[in-house]
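The block underneath contains the structure these notes are about, expressed in structure tokens.
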Amino acid sequence: MCPLTHCPKIHSSEPTVAVYPGTFDPITNGHLDIVERALNLFDRVIIAVAINVGKQPLFPLEERIRLIKECFGPDDDRVGVDATDGLIVDYAVSQRACAIVRGLRAVSDFDYEFQLALMNRKLAREVDTVFLMTGLRWIYISSSIIKDAAKHHGDISGLVPDHVRQALKKKYRTQTS
Ligand code: COA
């Protein structure tokens, strides 16, 4: 007999939810590429902005959330944006998510992501981690490298949404004045 015969998930009609966690300081086109790919796989994707990541974000939490929300229209009810503190898996379970989505840009991302995924599985077996390959155009970008370029007046158009580019410009203008 097939071992999955009694698996309730086979007959489940519940929408599939995935959580995409990160610092998003700020959101980039690389992150949006992952969201788009995740929407091909799940009914709903919740972008979970981590409050405590041991980083010193340039943008306060509320601003990071606002910048993300502005990437989506008011009718994009398949995408949620939320703040989360504590363990990502606890948040995922609270949202009845079946997966945590993480983007992979290069082999160098893998060691850390592998460790994170195994720890998360140990903490909550029902939540799987799904790795999505970032589009080739975005493999070299990170929020830090974009901030660095913006700080030194480099051209970051095409790498972040336009409202994020404007927000970075304003941030560094006020920091230097
Ligand atoms: N496009 C662009 N940049 C990308 C990217 C993509 N597709 N994928 C990853 N990155 C970059 C991010 O911009 C970020 O760059 P930065 O370091 O310059 O800011 C970097 O990769 C990784 O950051 P991020 O994905 O935001 O992860 P993180 O390591 O900052 O945070 C959390 C990951 C949120 C899961 C984790 O740190 C956390 O807060 N966990 C809470 C506690 C927990 O559950 N821990 C795990 C189990 S103990």
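The values are calculated or read from the model by the stated rules, or taken from the named source; none is laboratory data. Keep in mind that what you see is a predicted model, and the values were worked out from it rather than measured. Note that each Cβ is placed from the backbone with ideal geometry, even for glycine, and that neighbours are counted across all protein chains shown.
What are the pairs with Cβ atoms under 7 angstrom where one residue, in region 29-58, is closer than 20 Å to K147 by Cα and the other, located anywhere, is more than 10 Å from the ligand (Cβ to nearest atom) and at pLDDT below 95? Sequence gap at least six, or different chains.
L58/K171
Going through S144, S94 one at a time, which residue ends up being without any contact (Cβ under 8 Å) to a residue 40 or more places away in the chain and either of a type in the set (V, I, T) or within 9 Å of the ligand (Cβ to nearest atom) (or both)?
Residue meeting the stated conditions: S144.
If S94 satisfies all but one of (1) under 21 Å from T16 (Cβ atoms); (2) modelled with pLDDT under 95; (3) loosely packed, with under 13 Cβ neighbours inside 10 Å, what's the number of the condition it fails?
Status for S94: all satisfied but (2).
Looking at (1) over 25 Å from G158 (Cα atoms); (2) within 13 Å of the ligand (Cβ to nearest atom); (3) more than 15 Å from the chain's Cα centre (by Cα), which one does I100 not meet, given that it meets all the others?
Against the list (1) over 25 Å from G158 (Cα atoms); (2) within 13 Å of the ligand (Cβ to nearest atom); (3) more than 15 Å from the chain's Cα centre (by Cα), I100 comes up short only on (3).
Tally up the residues in region 23-39 that are near the ligand (Cβ under 7 Å from one of its atoms) and either among the β-branched types (V, I, T) or surrounded by 20 or more Cβ atoms within 10 Å (Cβ to Cβ) (or both), please.
Number satisfying all stated conditions: 7.
Within region 40-60, how many residues are at pLDDT 95 or above and surrounded by fewer than 16 Cβ atoms within 10 Å (Cβ to Cβ)?
So the count comes out to 4.
Just a yes or no: is a residue in region 149-158 out of contact with any strand residue (DSSP E or B) (no Cβ under 8 Å at 6 or more places or on another chain), outside any helix (DSSP H, G or I) and within 10 Å of the ligand (Cβ to nearest atom)?
No - not one qualifying residue is present in region 149-158.
Looking only at region 159-177, count every residue that is part of a helix (DSSP H, G or I) and either in contact with a His (Cβ under 6 Å, 6 or more places away or on another chain) or touching a residue at least 60 places away in the same chain (Cβ under 8 Å) (or both) and tell me the total.
The number of residues fulfilling the criteria is 5.
What about A99, is it more than 19 Å from A18 (Cα to Cα), at pLDDT 95 or above and of a type in the set (G, A, S)?
In short, no.
What pairs come out if I take residues in region 101-127 that are more than 20 Å from G30 (Cβ to Cβ) and pair them with residues that are polar (S, T, N, Q) and within 9 Å of the ligand (Cβ to nearest atom) whose C-beta lies under 7 Å away, six or more apart or interchain?
Listed by first residue and then by second, the contacts come to V127/N120.
Out of region 103-141, which residues are within 7 Å of the ligand (Cβ to nearest atom), of a type in the set (A, V, I, L, M) and over 15 Å from the mean Cα position of the chain (by Cα)?
Selection gives M119, L123.
Any residue at all in region 80-88 that's on the phi > 0 side of the Ramachandran plot and within 16 Å of the ligand (Cβ to nearest atom)?
yes
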